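The values are calculated or read from the model by the stated rules, or taken from the named source; none is laboratory data. Keep in mind the model is a prediction, meaning the values are calculated, not measured. Please note: Cβ atoms are built from the backbone with ideal geometry, for glycine as well, and neighbour counts cover all protein chains shown. Just so you know, the surface numbers come from the protein's heavy atoms only, side chains and all, with ligands and any DNA or RNA stripped out. Shrake-Rupley method; radii C 1.70, N 1.55, O 1.52, S 1.80 Å.
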Amino acid sequence: MHVVIMGCGRVGSALALSLQEHDHEVTVIDTNPDAFRRLGAFEGTTVTGVGFDRDVLREAGIERTDAFAAVSSGDNSNILAARVARENYGVSNVVARIYDPGRAEVYQRLGIPTVATVPWVADQVLRRLLPQGARSEYRDPSGELSLVQVHLHRSWVGVRLTRVEALTGGRVAFLDRFGRAELPRPDTVHQDGDQVHLLVPTGRVGDVEAVLAAPPEED
């Protein structure tokens, strides 16, 4: 894929390098040429200019672009650039980073996919401050299954995750351990600090919470 990124801050530079590692062709746009220093050993293309300017976009190869990410520090610039990419150049895979959650919801309804930074960060902090209970992360279109992040009683430390599945009727989709996502193995045990993500029937989320909030039953 050819991907154009507007904004070479911490997010934009990390995104560009990650895409490059996956063998995608990447062009980065920023108004400040010094910002490109963040890219280090970047093998793609950099363009200095305003990301919603048509001449700049054409220089970045917008007419053959498969995806466009507007991740600068300005909400207005990000939305404008995303709309130009989609509406003027027909780029279907577009996303804009938005700080204002209210505006993010509006643009989401207008068909511009957005990443609202403040709500995401606030939610992640809340999960660590008040980890009790299950927090829904995904629900399948039928509404039958939910992916939830669950909080386990401290007595579950050292217990195999297969035991979690047996007592809840769910399936451990993955866990976050030391900041890295992992697929559990049959012998994986729950460690202190793990964040466990469980697939469960939507109607049983409350029951699953109750099971995991208590010490595990004896075999």
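General observations
- Residue list for segment 136-188, filter: open to solvent by less than 60 Å² (accessible area, probe 1.4 Å) and at pLDDT below 85: D140, G143
- Checklist (1) closer than 16 Å to L80 by Cβ; (2) open to solvent by 60 Å² or more (accessible area, probe 1.4 Å) applied to N32, failing item: (1)
- Close pairs (9 angstrom Cβ cut-off, 6 or more residues apart or separate chains): under 16 Å from Q108 (Cα atoms) and open to solvent by less than 70 Å² (accessible area, probe 1.4 Å) in segment 78-93, assigned to a helix (DSSP H, G or I) and charged (D, E, K, R) anywhere: I79/R103; V84/R54
- Cβ-Cβ distances below 9 Å connect the following pairs, each with a first residue in segment 148-163 that is at positive phi, a second residue that is assigned to a strand (DSSP E or B), and a separation of six or more residues or different chains: G158/V189.
- When residues of segment 109-135 are limited to those that are among the polar types (S, T, N, Q) and either assigned to a loop (DSSP other than H, G, I, E, B) or at pLDDT below 75 (or both), the one nearest to R86 (Cα to Cα): T117
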